1. In the stretch 91-162, which chymotrypsin sites (Phe, Trp or Tyr not before Pro) are in a loop and have at most 11 other Cβ atoms within 10 Å, using DSSP for the loop call?
2. Could you list 94, 115 so that the one with the fewest beta carbons within 10 Å of its beta carbon is first and the one with the most is last?
3. Between residue 68 and residue 100, what is the label-point separation in nm under the 7 Å Cα-to-beta-carbon projection?
4. Please order 83, 124 by the number of other Cβ within 10 Å, starting at the fewest.
5. Say each of residue 158 and residue 140 gets a label point 7 Å from the Cα, pointing the same way as Cα to Cβ; how far apart are those two points in nm?
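None of the figures in this text is laboratory data; all of them are computed from the coordinates on show. In this text the structure is predicted, and so the values were computed from the model without any measurement. Here the Cβ positions follow ideal geometry from the backbone for every residue, glycine too, while neighbour counts run over all protein chains shown.
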Amino acid sequence: MKVKLPLSAISVVVLTPMFVLAAVQISGSGQDARSLNSEQWQHGKAGRIEGTWRVESTLRDCQTGAALATAPILNTFLAGGSMLSQASTSPALLSPGHGVWNHVGGRRFTNTVVLFQFNPANGMYAGTVTVKRNIDLDWNSDEFTSTDVGEAADPNGNVIGKRCATSAGRRLE
């Protein structure tokens, strides 16, 4: 069954999930990350992404980079490469995000998160949002930044929208 959403509902459904993930890439300071091997990053304090993070996500125009809106998010990166995400949006419109993360070297990580979206008019399943992120940790592994691109798809898997975001995260302590 195809669910038809009015344009205003599609805008809400496509924009809202992008708050779930995001950030700008910046370099940390301190010792050169290339001097540490992957195992040191995975198991030492330096380079550890595991844990819960308070994230401030800024939705941006993909063409101009102009900021459109900002929202808080919680991200939890689990040992072994899984993660969970919860945006400050209505759970009636967007499910918590479930995803995976990978260490790609130094203080850099990639992350993919999938969320279910729902029609605000009737609560019916309206498709998915898949967000792909590039994450950079600071030297102390207490903060991160990321650049994010999300695609919203209808229940049949047809892409209906794309959004960009940047985020800054601080480890929850």
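1. Details: sites: 101, 109, 116, 118, 125, 139, 144; in loops: 139.
Hits after loop and neighbour filter: nothing returned.
2. Numbers: 94 22, 115 26.
Going from least to most buried by this count: 94, 115.
3. Calculated label separation equals 2.8 nm.
4. Values: 83 22, 124 12.
Listed from fewest to most nearby Cβ atoms, that is 124, 83.
5. 5.1
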